[in-house]
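Reading through the structure tokens given below for one structure.
What follows is calculated from the coordinates using simple rules that are stated; it is not laboratory data. For clarity, every value in this text was computed on a predicted model and none was experimentally measured.
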Amino acid sequence: MNRMPARALTVARPLLQGLTVLNVLYAATITCLLCASFFVADWPWKPLGFDLATMHPQAPLGLRAIMVIGIVCALIVHAVLRRLVAIVDSVRAGDAFILPNAQRLNAIAWSVLAIELMRLAVLAISEVASLPGRMIGLSPTPWLAVLLLFVLSGVFAHGARLRSDLEGTI
């Protein structure tokens, strides 16, 4: 293995662990905000400083729904990060093309697809609840990433089969 990928693998694990901590803090913050929204008088207009609920009566419900989606996405991201750490560990051990890595990549692909569908749900909620500001962004990039992850999962599964066949012939 040349030096650049070895360095990347050395940095990847602590970086993924740091992202996991940030993701947990994000989930905890959104959960606290969601809980507070039920106990703060005149939510959401009092904390925001303007009467959002009078201007847009569906706004409080829409904001709460978006917070719930944010929490669900944080849980999905947590699972993705755990799988990425497991993949990095197996690659560092010299076992990249194993069936568990193919399964992890497949699960990551489904997770990224779920997150992208949740993003579309947030766009729909913001439109229905007439939330101020424009949330746009139909980009092909996340969809291409999902396809790439499914293909990569297939490549890893094929590599694992080839490796198994090779070990069986020796």
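The table below gives the values:
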| item | result |
| --- | --- |
| Label of the coordinate-derived value, Cα Rg over 2.2 N^0.38 Å, listed as (i) 1.36; (ii) 1.15; (iii) 0.99 | (i) |
| The stretch 64-150 shape via C-alpha gyration tensor axes, a/c threshold 1.5 | prolate |
| Helical contribution to [θ] at 222 nm, DSSP H n ≥ 4, -39,500 (n - 2.57), averaged over the chain, rounded to 500 | -28000 deg cm²/dmol |
